[in-house]
1. Given (1) farther than 26 Å from residue 131 by Cβ; (2) in contact with a Gly (Cβ under 6 Å, 6 or more places away or on another chain), where does residue 3 come up short, assuming only one miss?
2. Do the conditions hold for residue 72, that is, is it at pLDDT 95 or above, in contact with a Gly (Cβ under 7 Å, 6 or more places away or on another chain) and within 15 Å of residue 109 (Cα to Cα)?
3. Residues of segment 96-106 being surrounded by 12 or more Cβ atoms within 10 Å (Cβ to Cβ) and either at pLDDT below 95 or not small (Gly, Ala, Ser) (or both), which ones?
4. Out of 93, 52, which single residue is open to solvent by 40 Å² or more (accessible area, probe 1.4 Å) and more than 12 Å from the chain's Cα centre (by Cα)?
5. Could you run through segment 1-36 and say how many residues are of a type in the set (Ser, Thr, Tyr) and either more than 26 Å from residue 83 (Cα to Cα) or open to solvent by 40 Å² or more (accessible area, probe 1.4 Å) (or both)?
6. What pairs come up if the first residue lies in segment 58-81 and is without any contact (Cβ under 8 Å) to a residue 24 or more places away in the chain, the second is open to solvent by less than 30 Å² (accessible area, probe 1.4 Å), and their beta carbons are under 7 Å apart, counting only those six or more places apart or on different chains?
7. Residues that are among the acidic types (Asp, Glu) and within 18 Å of residue 44 (Cβ to Cβ): does segment 89-109 have at least one?
8. What tally of residues in segment 1-27 results from selecting those that are among the small types (Gly, Ala, Ser) and touching a helix residue (DSSP H, G or I) at 6+ places or on another chain (Cβ under 7 Å)?
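The values are calculated or read from the model by the stated rules, or taken from the named source; none is laboratory data. Source: prediction; values computed, not measured. As a convention, Cβ positions derive from the backbone with ideal geometry for all residues, glycine included, and neighbour counts pool all protein chains shown. Keep in mind that these areas ignore ligands, DNA and RNA; they rest on the heavy atoms of the full protein, side chains included. Shrake-Rupley method; radii C 1.70, N 1.55, O 1.52, S 1.80 Å.
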Amino acid sequence: MRQSLFAWFGVLLLLVPAAFAAMFGWRAALGQSTMPLFAVAGVLAVLAGRVAAVELGGVSVSWRYLLGSAYGLVAVGNLLGVPATLSAADATAGLVSAGAAVVVSLCIGFMGIDIARDGRHFEIRGNVERVLSL
């Protein structure tokens, strides 16, 4: 897989809070803890797909760390919905939904950690040479 394809993942993540805001309003979107996390994750993923590194005052942050952080934020955002599913009227459905959310979050978190450390499980070729200096 190529690094530049993850910009589309970031766009998709940015569309989630935008669609939520279009349906329910910006106050409702900002009132949810998940929507701002998805927006930040989307920006990080778009950056990871478009630049090789971001330099912040002498510290260089690789695109792998940006993308791993985006995956981590998505995993945390997914876990933030677990308490609401546990308080559902149907206890069995709430437990199953909460269990599924935890398993999915663990998988997404594992993917983020493996991408950030350039692990052996996901082969991603860096194909962007630009460095963003801030």
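1. (1)
2. yes
3. Scanning segment 96-106 gives 96, 97, 98, 99, 100, 101, 102, 104, 106.
4. Working: 52 fails: open to solvent by 40 Å² or more (accessible area, probe 1.4 Å).
Every option except 93 fails the conditions.
5. Qualifying residue count, segment 1-36: 2.
6. What qualifies is 61/53; 61/54; 62/53; 66/48; 66/54.
7. Going through segment 89-109, the residues among the acidic types (Asp, Glu) turn out to be 90.
If we keep only those that are within 18 Å of residue 44 (Cβ to Cβ) too, we end up with none.
Within segment 89-109 (the criterion being among the acidic types (Asp, Glu) and within 18 Å of residue 44 (Cβ to Cβ)), the answer is no, since none of the residues qualifies.
8. Keep residues of segment 1-27 that are among the small types (Gly, Ala, Ser), which gives 4, 7, 10, 18-19, 21-22, 25.
Remaining after also requiring touching a helix residue (DSSP H, G or I) at 6+ places or on another chain (Cβ under 7 Å): 4, 7, 10, 21.
Result for segment 1-27: 4.
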